[in-house]
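Derivation of every value follows stated rules applied to the coordinates shown; laboratory data play no part. Everything numeric here is computed off the predicted structure, so don't read it as measured data. Glycine also receives a Cβ, built like all others from the backbone with ideal geometry; neighbour counts cover every protein chain displayed.
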Amino acid sequence: MIRGIIFDLDGVLVSTDELHYRAWKRLAEDLGITNFTKSDNEKQRGVSRMASLEIVLDKGTVSYSEEEKLRLAERKNDYYKEMLGSLDEGAVLAGAFDTLKWLREQQLVIGVGSASKNTPMILQKTGLAPYIDEVSCGLDTTLSKPHPEVFQIAAHKLKLSAGECLVVEDSAAGIEAAKAAGMKSLGVGPYYQSLGATYEATGLDAPIVWEELLQ
Ligand code: B16
Ligand code: MG
């Protein structure tokens, strides 16, 4: 029986994906890479910051040292954080607040499992923090999705076994990570039908029969 839900953040609870895209695009242009597109950005969904950087650099011709790459990733994060400055409740995706409220009323515990190191700031600024019992994010992990670590840490913090957790994700890497952790999943977002999740819905505003998912 499911006792806790672990939500991915970007693309599931909040719409920060567009801000990630704009920040990576700005960095790409700094580097003279003019052909970084939305479709390249789709490959960055759920992927760690350093792996996302590689997707940008692959579009150019220049090789960078590891030290330079760290500085470039930091520069992108500065651009991203600048954009997060104006983040508020409006960035919360449709259906998220109502879903969290309902699940808490059913006595379920709520976790976040996100690759983002900016998770605590995003949860605070959007007003989502009071609805979340435990956070597992890029600040806790050493391995990124599709490795199951981020969800295993979330389950541990929630004091639940893998079989008692359901993961909600918008990325293929995230669904793979949930499977590797031995957890059921609900796939949402623009690619929900191709993620290979246990259950599928367009988003948290869709008519999801939670009672069935929680069995
Ligand atoms: P940061 P999620 C992921 O969030 C994003 O989807 C991905 O595009 C980003 O590179 C990653 O977080 C790391 O984010 O640079 O803020 O640490 O979908 O796992 O909530
Ligand atoms: Mg995501």
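Take the Cβ atoms of residue 34 and residue 198, set R0 to 35 Å, and the FRET efficiency comes out at 0.30. Think of it as helices only: each DSSP H run of n ≥ 4 in the chain is worth -39500 (n - 2.57), and spread over all residues that comes to -12000 deg cm²/dmol at 222 nm. Multiplying the residue separation of residue 106 and residue 3 by 0.36 nm and removing their Cα-Cα distance gives an extension gain of 36.1 nm. Work out, in µm²/s and without decimals, the Stokes-Einstein translational diffusion coefficient of segment 1-119 at 10 °C, 1.306 mPa s, Rh from Kirkwood over C-alpha pairs. Answer from the Stokes-Einstein relation: 101 µm²/s. Using C-alpha pairs under 8 Å with a sequence gap of at least 6, the mean separation divided by the residue count of the chain gives a relative contact order of 26 percent. Phi angles of segment 202-208 translate, via the Karplus equation with coefficients 6.51, -1.76, 1.60 and θ = phi - 60°, into HN-Hα couplings of 5, x, 6, 8, 7, x, 8 Hz per residue; Gly and Pro are given as x. Computed over the alpha carbons of segment 115-155, Rg followed by Dmax gives 10.5, 29 Å.
Under the shape rule built on the C-alpha gyration tensor, where the axes satisfy a ≥ b ≥ c, segment 159-215 is oblate, since a/c reaches at least 1.5 while a/b does not exceed b/c. What whole-number distance in Å separates the alpha-carbon centres of segment 42-64 and segment 136-163? With segment 42-64 and segment 136-163 each reduced to a Cα centre, they are spaced 23 Å.
List the aspartates and glutamates whose Cα sits under 12 Å from the Cα of residue 59, skipping any in the same chain fewer than 8 residues away. Within reach: 29, 40.
Between 12, 62, 150, the Gaussian network model of the chain with springs among Cα atoms under 10 angstrom shows the greatest mean-square fluctuation at 62.
In Å, what Kirkwood hydrodynamic radius results for the chain from the alpha-carbon pair distances?
On the way: mean 1/r = 0.0572 Å⁻¹.
Every distinct Cα pair counted, the radius reaches 17.5 Å.
Taking each of 101/145; 76/184; 101/125; 69/117 in turn, the alpha-carbon distance tops 24 angstrom for 101/145; 76/184.
Both radii come from the Cα set of segment 108-215: Rg as radius of gyration, Rh as Kirkwood radius; their ratio Rg/Rh reads 0.94. Placing one identical point scatterer on every Cα of segment 3-65 and ignoring solvent, what is log10 I(q)/I(0) from the Debye formula at q = 0.13, 0.17, 0.18 Å⁻¹? So the normalised log intensities work out to -0.38, -0.59, -0.64.
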